[in-house]
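A.B. asks: Handing you this structure, nothing more for now.
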Amino acid sequence: MFWEAFSVVVFPGLLAAVFIGFLYEGIMRKVTARMQHRRGPPIWQPFLDWIKTMTKENITPKAGSGFLMTLCPIVAFASAVMAVMFVPIAGFPSIGFEGNTFVFLYFLFQSVVFFAISGFATGNPYGIVGSIREIMQIISYELPFVISVITIGLFSSFTVKPFIVFTFPFAFIGFILGVMGKLGIAPFHIPEAEQEIIEGALTEYTGARLGMFQLAKAALLWVSVSAAAVMLLGGGNLIIFLIKSLIILFILTFLSNIFARMRIDHAFRFYWFALVPLVLIDLVRAFLGIW
Amino acid sequence: MGVAIEVLKRLVSRPVTTKYPDAPPETPEGLRGKVEWNRETCIWCKMCEMNCPANAISIDKEKKIWSIDTAKCIFCGRCNEVCPTKPKSVYLTKKIELATERKENLRDVYEEHHSQEKGQKEQKT
Amino acid sequence: MSDFCLPFGPQHPALVEPLHLKLVVEGEKVVDYEFKFGYSHRGIEKSLEKRQWIKDIFLAERICGICSHSHTLAFTRGIEALADIQVAERAEYIRVVMAELERLHSHTLNLAVSFHEIGFATVFQYMFRDRELVMELLEMVSGNRVNYGMNLPGGVRRDIEPSKIKEILEKLAKLEGRIDYYTKLIEKDNLVRKRTESTGMLSKKKAIELGATGPVKRASGISEDFRKAGYGAYGKISFYTVTEKGCDVHSRFLVRIRECAAAINLIREAIKDMPSGPIINKTPPVINIEKGKETVSRVEAQRGELIYYMRSDGLTPYRVKIKTPTYANYLPLGECLKESLISDVPVIVASMDPCITCADRVTVVRNGKETIVRKDDLKKM
């Protein structure tokens, strides 16, 4: 009982999602800065940002719905934390039953969907455009992402198996690119393209609500990176798991630094017409048992 | 692909940015910084006052007061250029960190009775 | 849905300066647009009339931070023409060096910002790092990083000594390698090409019709550069102008980066040919010009052709009318925005290299309300 409670509240649940998520974000920012030949902020900068955000005033715009604006960040954060409970990290207890992968996918999806709804809730033109883009992006990346998760599931019978990356390279690529779309990091930072639509869906958010969204983003990063580490690079004890997730984090950071932002129609075409055929190859291979 | 290689190269090289307030910036010779005045050589010809495009310099010949409002100064160096004395009575230093908390502090007033000690000045508030 | 309005500015992360663009959008597509100017009108033309000629040079310099040397160049050339002042031979070459250094720094700035607009943060940072080389050179030569204050009637105020020439050549060699790198990047990088090719089309016919100028015009396949008229020392130095035929944002990128390479060559040529001698023919600090004398002074600034009309009133100008290149490029900008997507608006605006504050010359207020000036009203004036 103790370990169950521990896994929900401390690791890999709530506290880990917040703290390690922020830490990952800090590492990403630092590594990005070094790649861009500058010093960058200290790696605890996301914490400081969060603390400052939480002290700010909550503003509800005239056209917005206060209830929805409060609900969205909470659900987005809670769903992301729930999703991490389905990832078997280094022997910590996780929720395991027949088809839990689909519940995991559902919670991840729900978290992102509430990010999308948040823009409509504000009634701000930038928020609405951001929300439309977010939904279009979900439609784009969700298909190859789900196909690659199913491929991995078929191969491993939904248990932890090592190094899928060599057996199913396309599923690996599909998973990583899907995660990039989900997290909205370059070249897929289309819904929050600041040069075009300020901050996208989150334009009108301030104070504690924005703080909640920051937490949700950190939790999403944590769950995506650890899911990728476990599913793609295999299990191991805690230290090996952390090293593996840092490798995934590095891959994400590296990819985010070498591309310009895509346009939403390009991104859609890329996911559906370039990536889906590739991941389908691996799905067929997994079905026929060729590996 | 050029960017990918460059990105990895930069990851292992030292950053080019400096820790500015801790590490002072490198300034080249002849930088146009804060304008200062040397009363020893001044002949009170008022050339600097007349030629200042921003009207930052004001001179009171009777009371022997020379003052400059750095808030108005545009650092063009025209005062130094037109100064007829040798060495120049008005000169540009390399001081660039001029921010203060109060606007009055930007006004430098050089008065006669402080002339015994060279370079000393009084800041009126 | 067609009445869904997306404001672009006056405060917007993609704009450094206050320009209001009202975009009517359908989904991602821009259906209609409306410009609104006048947020940073400073009344500089009026204040120019109240100062002496030489003091005006320093005021004209402050019309624009980026093309400050071009503004003083145009203004001083105007004064020289009005007062019949001979320019020192060496000064003409130093002016060319400064103008081309400024072109380098302006184009690299604009390209860096353009990369930022298409979400390529890494190249943006790299370009700003490499632009620092030019900034250091400008600082070394003139003593200031912006608003160099180099020009006076009859010459320039600071000389480029041999020790400085050595450093200029060293840094230019370093920069040249980087410019090559960016040229390749713009030509080859897939995503950059996808984002910029066939966006913001401005056909050759439209470019002439709407009076585009500078790199925008050259990117539409029209080889026009006022430097070819050979003002100053340009007539004595061999140089080439760049044109592209793509008519889109991508060819504007290419024109700018190739002009950087051309500017480096030009600086080298100018330094090689630079004669020795005095840098300035001394003029009195107060210039008196015969009343009613007038002139038009043109130079090729980085963004296009900069035109000064000046009329003398003795010790001060009677009227100075400035036409900045950005002003000429507003109508082409509107043409480019037609049928574009929201995602392309920032990069199209950036590709025009607008300097909004330069172009904010007049706001017409009638009965306490801002009004739109039509063509007929202008004819009446």
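The values are calculated or read from the model by the stated rules, or taken from the named source; none is laboratory data. This is a predicted model, so every value here is computed, not measured. All Cβ positions, even for glycine, are placed from backbone atoms using ideal geometry, and neighbour counts span all protein chains on display.
A.B. asks: Answer yes or no: is there a residue in region A:153-174 that is more than 14 Å from every other protein chain (Cβ to nearest Cβ), surrounded by fewer than 24 Cβ atoms within 10 Å (Cβ to Cβ) and within 16 Å of A:F115 (Cα to Cα).
C.D. replies: Taking every residue of region A:153-174 in turn, none turns out to be more than 14 Å from every other protein chain (Cβ to nearest Cβ), surrounded by fewer than 24 Cβ atoms within 10 Å (Cβ to Cβ) and within 16 Å of A:F115 (Cα to Cα).
A.B. asks: Of all residues in region B:80-103, count the ones that are more than 10 Å from chain C (Cβ to nearest Cβ), farther than 19 Å from C:R145 by Cα and either hydrophobic (A, V, I, L, M, F, W, C) or assigned to a loop (DSSP other than H, G, I, E, B) (or both).
C.D. replies: Result for region B:80-103: 11.
A.B. asks: Looking at region C:217-240, which of its residues are crowded, with 19+ Cβ neighbours inside 10 Å and among the basic types (K, R)?
C.D. replies: C:K217, C:R218, C:R227
A.B. asks: I want to confirm something. Restricting to region C:25-58 and keeping residues that are out of contact with any Asp or Glu (no Cβ under 9 Å at 6 or more places or on another chain) and aromatic (F, W, Y), which single residue is farthest from the other protein chains (Cβ to nearest Cβ)?
C.D. replies: Checking each candidate, the answer is C:F35.
A.B. asks: Could you tell me whether C:R90 is surrounded by fewer than 24 Cβ atoms within 10 Å (Cβ to Cβ) and away from every other protein chain (no Cβ under 13 Å)?
C.D. replies: Working: surrounded by fewer than 24 Cβ atoms within 10 Å (Cβ to Cβ): yes; away from every other protein chain (no Cβ under 13 Å): yes.
So C:R90 passes the test.
A.B. asks: C:K22 passes all but one of (1) under 26 Å from C:V113 (Cβ atoms); (2) in contact with a strand residue (DSSP E or B) (Cβ under 8 Å, 6 or more places away or on another chain); (3) of a type outside the set (D, E); (4) away from every other protein chain (no Cβ under 14 Å); which number fails?
C.D. replies: For C:K22, the exception is condition (4).
A.B. asks: Mind checking whether some residue in region B:1-14 is in a loop (DSSP other than H, G, I, E, B) and modelled with pLDDT under 85? So that I can check it myself, show each step before the final result.
C.D. replies: Of all residues in region B:1-14, those in a loop (DSSP other than H, G, I, E, B) come to B:1, B:13-14.
After this cut, where a residue has to be modelled with pLDDT under 85 as well, the list is B:1.
Yes, region B:1-14 contains at least one residue that is in a loop (DSSP other than H, G, I, E, B) and modelled with pLDDT under 85.
A.B. asks: Quick check on A:E4: is it more than 14 Å from every other protein chain (Cβ to nearest Cβ), of a type in the set (D, E) and either more than 28 Å from A:A201 (Cα to Cα) or surrounded by 18 or more Cβ atoms within 10 Å (Cβ to Cβ) (or both)? Let's see the steps before the verdict.
C.D. replies: Details: more than 14 Å from every other protein chain (Cβ to nearest Cβ): yes; of a type in the set (D, E): yes; either more than 28 Å from A:A201 (Cα to Cα) or surrounded by 18 or more Cβ atoms within 10 Å (Cβ to Cβ) (or both): yes.
When the stated conditions are applied, A:E4 passes them.
A.B. asks: A further question on this structure: Just to be sure I understand, how many residues within region C:50-83 are assigned to a loop (DSSP other than H, G, I, E, B), of a type outside the set (D, E, K, R) and farther than 17 Å from C:E300 by Cα? If you could, list the steps in order and put the result at the bottom.
C.D. replies: Taking region C:50-83 as the starting set, the residues that turn out to be assigned to a loop (DSSP other than H, G, I, E, B) are C:50-52, C:62-67.
Still in the list and also of a type outside the set (D, E, K, R): C:52, C:63-67.
If we keep only those that are farther than 17 Å from C:E300 by Cα as well, we get C:52.
Within region C:50-83, residues that are assigned to a loop (DSSP other than H, G, I, E, B), of a type outside the set (D, E, K, R) and farther than 17 Å from C:E300 by Cα number 1.
A.B. asks: Looking at (1) away from chain C (no Cβ under 13 Å); (2) surrounded by fewer than 18 Cβ atoms within 10 Å (Cβ to Cβ), can you tell me which one B:A4 breaks?
C.D. replies: That leaves (1) as the condition not met.
A.B. asks: Can you report the number of residues in region A:211-242 which are modelled with pLDDT of 90 or more and surrounded by fewer than 20 Cβ atoms within 10 Å (Cβ to Cβ)?
C.D. replies: The number of residues fulfilling the criteria is 0.
A.B. asks: If you go through region A:209-225 one residue at a time, do you hit one that is more than 18 Å from the chain's Cα centre (by Cα), within 14 Å of another protein chain (Cβ to nearest Cβ) and among the charged types (D, E, K, R)? Don't jump to the end; show me each part of the working.
C.D. replies: Step one: list which residues in region A:209-225 are more than 18 Å from the chain's Cα centre (by Cα), which gives A:209.
With the extra rule that they be within 14 Å of another protein chain (Cβ to nearest Cβ), the set shrinks to none.
Scanning region A:209-225, I find no residue that is more than 18 Å from the chain's Cα centre (by Cα), within 14 Å of another protein chain (Cβ to nearest Cβ) and among the charged types (D, E, K, R), so the answer is no.
Each row is one residue, and each column tells you yes or no for (1) within 12 Å of another protein chain (Cβ to nearest Cβ); (2) of a type in the set (F, W, Y); (3) in contact (Cβ under 8 Å) with a residue 40 or more places away in the chain.
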residue	(1), (2), (3)
B:L8	yes, no, no
B:P21	no, no, no
B:E36	no, no, yes
B:T41	no, no, yes
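A.B. asks: OK, next. Can you pull out the residues in region C:133-150 that are more than 9 Å from chain B (Cβ to nearest Cβ) and under 22 Å from C:W53 (Cα atoms)? I'd like the intermediate steps shown before the answer.
C.D. replies: Initial filter on region C:133-150 (more than 9 Å from chain B (Cβ to nearest Cβ)): C:133-135, C:137-138, C:145-146, C:148, C:150.
The answer is C:V146, C:Y148, C:M150.
A.B. asks: Out of all the residues in region C:184-200, is one or more away from chain B (no Cβ under 14 Å), without any contact (Cβ under 8 Å) to a residue 24 or more places away in the chain and surrounded by fewer than 21 Cβ atoms within 10 Å (Cβ to Cβ)? I'd like the intermediate steps shown before the answer.
C.D. replies: The initial filter retains those residues of region C:184-200 that are away from chain B (no Cβ under 14 Å), namely C:194-200.
Filter once more, keeping what is without any contact (Cβ under 8 Å) to a residue 24 or more places away in the chain: C:194.
Retained after the next criterion (residues that are surrounded by fewer than 21 Cβ atoms within 10 Å (Cβ to Cβ)): C:194.
For region C:184-200, residues away from chain B (no Cβ under 14 Å), without any contact (Cβ under 8 Å) to a residue 24 or more places away in the chain and surrounded by fewer than 21 Cβ atoms within 10 Å (Cβ to Cβ): present.
A.B. asks: Sticking with this one: Mind checking whether some residue in region A:240-252 is under 13 Å from the mean Cα position of the chain (by Cα), in a helix (DSSP H, G or I) and within 14 Å of another protein chain (Cβ to nearest Cβ)?
C.D. replies: Yes, because at least one residue in region A:240-252 is under 13 Å from the mean Cα position of the chain (by Cα), in a helix (DSSP H, G or I) and within 14 Å of another protein chain (Cβ to nearest Cβ).
A.B. asks: Determine which member of the set C:R258, C:R178, C:R195 is assigned to a helix (DSSP H, G or I) and under 17 Å from the mean Cα position of the chain (by Cα). First the steps, then the outcome.
C.D. replies: Working: C:R178 fails: under 17 Å from the mean Cα position of the chain (by Cα); C:R195 fails: under 17 Å from the mean Cα position of the chain (by Cα).
Result of the check over C:R258, C:R178, C:R195: C:R258.
A.B. asks: Could we say that C:D313 is in contact with a helix residue (DSSP H, G or I) (Cβ under 9 Å, 6 or more places away or on another chain) and either in the same structural domain as C:G334 (by TED's automatic domain parsing) or touching a residue at least 12 places away in the same chain (Cβ under 8 Å) (or both) here? Step through it out loud before you land on a result.
C.D. replies: Numbers: in contact with a helix residue (DSSP H, G or I) (Cβ under 9 Å, 6 or more places away or on another chain): no; either in the same structural domain as C:G334 (by TED's automatic domain parsing) or touching a residue at least 12 places away in the same chain (Cβ under 8 Å) (or both): yes.
Considered against the rule, which asks whether it is in contact with a helix residue (DSSP H, G or I) (Cβ under 9 Å, 6 or more places away or on another chain) and either in the same structural domain as C:G334 (by TED's automatic domain parsing) or touching a residue at least 12 places away in the same chain (Cβ under 8 Å) (or both), C:D313 comes out as no.
A.B. asks: For region A:7-54: of the residues being within 14 Å of chain C (Cβ to nearest Cβ) and among the aliphatic types (A, V, I, L, M), which is nearest to A:R209 (Cα to Cα)?
C.D. replies: A:M28
A.B. asks: Among the helices (runs of 4 or more DSSP H) confined wholly to region C:329-372, which include 1 or more residues that are modelled with pLDDT of 80 or more, among the acidic types (D, E) and assigned by TED's automatic domain parsing to the domain that holds C:F120? It would help to see each step written out before you state the result.
C.D. replies: On the way: elements: C:330-337, C:345-351, C:356-359.
Here the list reads C:330-337.
A.B. asks: Are any of the residues in region C:143-158 assigned by TED's automatic domain parsing to the domain that holds C:L59, touching a Leu at 6+ places or on another chain (Cβ under 6 Å), in a loop (DSSP other than H, G, I, E, B) and of a type in the set (G, A, S)?
C.D. replies: Among the residues of region C:143-158, at least one is assigned by TED's automatic domain parsing to the domain that holds C:L59, touching a Leu at 6+ places or on another chain (Cβ under 6 Å), in a loop (DSSP other than H, G, I, E, B) and of a type in the set (G, A, S), which makes the answer yes.
A.B. asks: From the list C:I179, C:I208, which one is without any contact (Cβ under 8 Å) to a residue 40 or more places away in the chain and among the β-branched types (V, I, T)? Show your work before the answer.
C.D. replies: Values: C:I179 fails: without any contact (Cβ under 8 Å) to a residue 40 or more places away in the chain.
On inspection, the qualifying residue turns out to be C:I208.
A.B. asks: Could you check region B:32-67 and list, in sequence order, the residues that are within 29 Å of C:M140 (Cα to Cα) and small (G, A, S)?
C.D. replies: Within region B:32-67, B:G33, B:A54, B:A56, B:S67 qualify.
A.B. asks: Pick from region A:106-131 the residues that are touching an Asp or Glu at 6+ places or on another chain (Cβ under 9 Å) and within 18 Å of A:M85 (Cβ to Cβ): which of them is farthest from the other protein chains (Cβ to nearest Cβ)?
C.D. replies: Looking at residues that are touching an Asp or Glu at 6+ places or on another chain (Cβ under 9 Å) and within 18 Å of A:M85 (Cβ to Cβ), I get A:F109.
A.B. asks: Do we have C:A263 as at pLDDT 90 or above, among the hydrophobic types (A, V, I, L, M, F, W, C) and within 25 Å of C:A60 (Cα to Cα) here?
C.D. replies: On the way: at pLDDT 90 or above: yes; among the hydrophobic types (A, V, I, L, M, F, W, C): yes; within 25 Å of C:A60 (Cα to Cα): yes.
Spelling it out, C:A263 is indeed at pLDDT 90 or above, among the hydrophobic types (A, V, I, L, M, F, W, C) and within 25 Å of C:A60 (Cα to Cα).
A.B. asks: Just the residues that are within 10 Å of chain B (Cβ to nearest Cβ) and touching a residue at least 12 places away in the same chain (Cβ under 8 Å), please, taken from region C:151-174.
C.D. replies: C:L152, C:R157, C:R158, C:K164, C:E167
A.B. asks: Using beta carbons and a limit of 6 Å, which pairs, at least six apart or on different chains, have the first residue in region C:99-120 and at the interface with chain A (Cβ under 10 Å from one of its Cβ atoms) and closer than 25 Å to A:E194 by Cα and the second one among the basic types (K, R) and assigned to a helix (DSSP H, G or I)?
C.D. replies: Note: pairs meeting the criteria are C:I118/C:R195.
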